[in-house]
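Notes to accompany the following structure.
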Amino acid sequence: MTHTPLLSTARTTLFAPASRPDRVLKAQSSGADVVIVDLEDAVAGQDKDQARDNLMALLGGTSRHGRLSAAVAVRINSPRTQAGAQDLKALAAVGTVELLDAVVVPKVEETGHLSSVREALPGTHLVGTIESAAGLLHLEALAAQDGVIRLATGTLDLAQDLGCALDSRTMDAARARLVTVSRALGLAGPLDSPTPQFKDLRPVQVAARLAKEDGFTGKSCIHPAQVDAVAQAFAPTMDEIEWARSVIHADDGATSVDGSMVEAPVLARARAILDGPHA
């Protein structure tokens, strides 16, 4: 694949189970930047074969439910498992697919977990999901692996593996490590994992705002109702836009704005705000 993957910079992604192709197609009208068709957690073991068939029909344009309106990402099962191997075999059988934006690889712990996907699907863009202490330990090597366009976090699994609470300092340190390594290797800030609540959107809004403040640049959703709340949280506020414009205008000669020096890092942040979507 030679296109620039949408998932490399998406602020909002929405998981939709491959076992329900109707939901996949409906998800594409949710407003999410990228729909991730899920073969992993959202699909029960007994439904995985049918889910693969559904995915192949969607990617091949032969689904009786309709056609995809845009490229989608696919979350496979871990390539260490039999289910993951079958996912890769099925995708490889389809060949080059324009509608496949990227492959999300769960439970990544070693570079071999990523290279095996690239071997099966040459040229595929990858998002590595960190869900364990082992993944954190090898994070630099994983992020630098050929084909990786972004990192993501599986918060619940990571906290369980680390033996800590979700709101612990240990998790804060783990999340900071994902952000730091992503930035150091030139990747966009990582994708935050979904928030379970979708009827009461306040927890989603709070989690998204905190993720943005922490340096994450996107968040995944598990229900269409969450998409707009996440998008609003990651979009620059009017105050941020006005500040950024004042900094850019001040670059013509002024040395300060609102009592702060206008230096290269300040200008870079202002340009990033104005260059992003919804600015």
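The values are calculated or read from the model by the stated rules, or taken from the named source; none is laboratory data. Just so it is clear, the model here is predicted, and its values are computed rather than measured. Here the Cβ is made from the backbone with ideal geometry for all residues, glycine too, and neighbour counts use every protein chain on show.
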Filtered residues of region 88-101 (kept if closer than 12 Å to THR124 by Cβ and surrounded by 14 or more Cβ atoms within 10 Å (Cβ to Cβ)): LEU88, LEU91, VAL94, VAL97, LEU100, ASP101
Being part of a helix (DSSP H, G or I), surrounded by 16 or more Cβ atoms within 10 Å (Cβ to Cβ) and aliphatic (A, V, I, L, M) is the filter here, so list the residues in region 211-226 that pass it. ALA211
Name the pairs: first residue in region 85-97 and farther than 14 Å from LEU58 by Cα, second residue part of a helix (DSSP H, G or I), Cβ to Cβ under 6 Å, at least 6 apart or on different chains? LEU88/ALA120; ALA92/ALA120
Extreme residue, surrounded by the fewest Cβ atoms within 10 Å (Cβ to Cβ), among residues of region 102-126 that are closer than 21 Å to ALA173 by Cα and in contact with a Ser or Thr (Cβ under 9 Å, 6 or more places away or on another chain): GLU109
If THR153 meets every condition in (1) in contact (Cβ under 8 Å) with a residue 40 or more places away in the chain; (2) loosely packed, with under 14 Cβ neighbours inside 10 Å apart from one, which number is that one? (2)
Can you spot a residue in region 183-197 that is in contact (Cβ under 8 Å) with a residue 12 or more places away in the chain, assigned to a helix (DSSP H, G or I), in contact with a Ser or Thr (Cβ under 7 Å, 6 or more places away or on another chain) and not basic (Lys, Arg)? no
Got a number for residues in region 51-67 being of a type outside the set (S, T, N, Q), surrounded by fewer than 19 Cβ atoms within 10 Å (Cβ to Cβ) and on the phi < 0 side of the Ramachandran plot? 7
Checking the conditions here, which among ALA173, ALA208, ALA229 is crowded, with 21+ Cβ neighbours inside 10 Å, modelled with pLDDT of 95 or more and more than 15 Å from the chain's Cα centre (by Cα)? ALA229
